[in-house]
1. Below 18 Å, Cα to Cα, which aspartates and glutamates can Lys207 reach? Residues fewer than 8 away in the same chain don't count.
2. Treat every Asp and Glu Cβ in the range 195-308 as -1 and every Lys and Arg Cβ as +1, leave all other atoms uncharged, and give the resulting dipole magnitude about the Cα centre to the nearest 20 debye.
3. Keeping to pairs on different chains or 8 or more places apart, tell me how many lysine pairs in the range 466-612 have Cα atoms under 28 Å apart.
4. Which distance in nm do the two modelled labels at Ser91 and Ser271 give, with both placed 7 Å along the Cα-to-Cβ direction?
5. Among bridges DSSP assigns within the chain, what percent are antiparallel (round to 5)?
6. For a test of the definition: using alpha carbon positions, the gyration tensor, and the 1.5 limit on a/c, classify the range 21-99 as rounded, prolate or oblate.
7. Roll a 1.4 Å probe over the protein chains and send me the accessible area per residue for the chain in Å².
8. Which whole-percent values make up P(r) of the range 553-611 when all C-alpha to C-alpha distances are grouped in 5 Å steps starting at zero?
Amino acid sequence: MNRFYIEKLVVSGGGHKTTVIDFKPGLNFILGPSNTGKSLIMDCIDYVFGFTPKKTQPSKIVDNNYGYERIALHLATDKGTVILERKIGDSKITVSGTDPSVEHGSYSVSTTAKKNINSVYLHLLGIDEPHSIRSAEKDSKTQALTWRSMLHLFFIRQGDVARESSSLLAPRSVGSTSSAAALLFLLTGQDANDLEANEDPKISEAKKKALIAYIQEKVNDLGARREKLEETLSAANITDPHASIEQVRKEIADLQAQLDSATKESQEIMSQIYEWNGKLSESRTVGHNFAVLRQQYQSDIRRIGFIVEGAENALPIRRKVKCPICGEETERVRDTTFISASAAELEKIKRHLSELSDAQRSVERQQEVITTTIHTLEEKKESIDKLISEQLQPQLSAFEERLEGQLKLIRLSNELEIVRQDEIQYKSDLFDRETEEIPESTKHSIFEDYTYDIIRGFEEKLREILTASKVGGAATVRLNMENFDMEIDGKKKSVISGGGHCGILNTITTLAISAYLIELERPAPGFYAVDSSLTQLSEAEYKEQSDTIKQNFIEYLIAHAHERQVIIVEQTKRMPFVPSENDEAGVHVVQFTRNKGEGRYGFLNEVYNVEDQ
């Protein structure tokens, strides 16, 4: 988280020797008698912080500058230095330095200017986006989050330190909303965009009428739908749709079982038909082979019969033939012995043909049986398929349609119940909207957005510092949300404290909130400055010094000097003791003497009180 602290204050010009006040990161004391310029230091710092003098809020350095012309404030950041210089009486601040994240140039102190110094200080806190915060409870008024809207938490001038009002709220503020809203942003990051906007009563009235019209339309639509559903269910004349559904489902199950059985039987018959068709095919193949064989037998019978018949009709013939070897002639007689063999073969084939005829007749009879069986099976399958297609399936479809009708009625019955409930609810909403009153004006208190989780850590830090400072009743301290200020023993600060006591309590309150922001790693500068927190505080004379609030408060600051930069501006005589310069302990002391012959007289060089000149 970005932090910065004050490194140096320089006042120069007008022919004067330049005045310089060096600050260190730890605990800084600016001490001295009255009229030595201690509060002027705070005034100069505030001037560079962007303070704009008014008639009711003048600036000491502007009204009485003793001839000096310029004020420069050197800030130390994590990335370098930032130097801000403002000419006394001017509204511009020149920015330079070694921090590369800060744009150099001239900036206006006016927050409405396009290039204003507010953006530089917010950037140093790590806030680079513009944010809006509430500025009033009524009408959702907002204002831009600015550096000066939160400065009172870290920088307390002398005139504000002892006020009885809450130190968490800006002094002389027109209203408390903007101050509390700025602190809420620092604690949580919540700006006006995160809050509900208060609405103009006219807009609220218009919205109310539109909402009533919408609800009335919904009531009408629901009423029409309810009437239609009631008519549909009444026409169905079913007293118990759930029981009817169970009956239909039972009938569907029985019918489905019949359909499955018939389908299975049809498949089995089909398998048988395939099997018998196979047998028929085989039988026909055998019959074909027998027919071919029969034709062969008949052909053989004709051929052998022709041979035998021809041989029997021919006479024996003698003829002479010449021997191819010896050349002698010889006589050849024709042989007729084959006729008997052919006749015997012919008789054999005729017997085979007769047997083949018997076999063919047997095959034909077998084919007739197979064909009859197949025809019977096909008729049976056709009958079953017809049962399935013309009876079972149509019945199943009818039952399914009946079931869907019953289910639809149940859905309509359920819808009717929902419609009735919605109609009642919308009528109730319509009644509420018609009878509600629109307030003349709406308000939103920023304190409603605070929760105990947000302030609990702050109260613990406040209790820690009060206890260490030995403030009575520290254990009972809490933040009272009515006046946004501390409460001790159940009593508000303004009731139990005078001006001096308020000064130290206000200091501790702002010191605690700024420390708490740093612990939370929320936006907050790395410095805290307060003027004259102890000046008006008078404690009982009987108290030992070690028991006084002043003593213990200063000791607490010294013990925590290394945590951040703290600047205490105080009269020397109001201090319980004057701390010593101690770099190791983080304590730095600037002391004015108001004695021209001893030490540093005061803040501005060459400026003395009349009585001391």
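The values are calculated or read from the model by the stated rules, or taken from the named source; none is laboratory data. Since this is a predicted model, take the numbers as computed values, not measurements. Cβ: placed from backbone, ideal geometry, glycine included. Neighbour counts: every protein chain shown. Heavy atoms of the whole protein, side chains included, go into the accessibility calculation; ligands, DNA and RNA do not. Shrake-Rupley method; radii C 1.70, N 1.55, O 1.52, S 1.80 Å.
1. Cα-Cα hits under 18 Å: Asp139, Glu196, Glu199, Glu217, Asp429, Asp432, Glu434, Glu436, Glu437, Glu440.
2. My answer is approximately 900 debye.
3. 16
4. According to this spin-label approximation, the distance is 10.6 nm.
5. 70
6. oblate
7. Per residue, the chain has an accessible area of 55 Å².
8. Bin by bin from 0 Å, the calculated values are 4, 15, 24, 22, 15, 12, 7, 3, 0.
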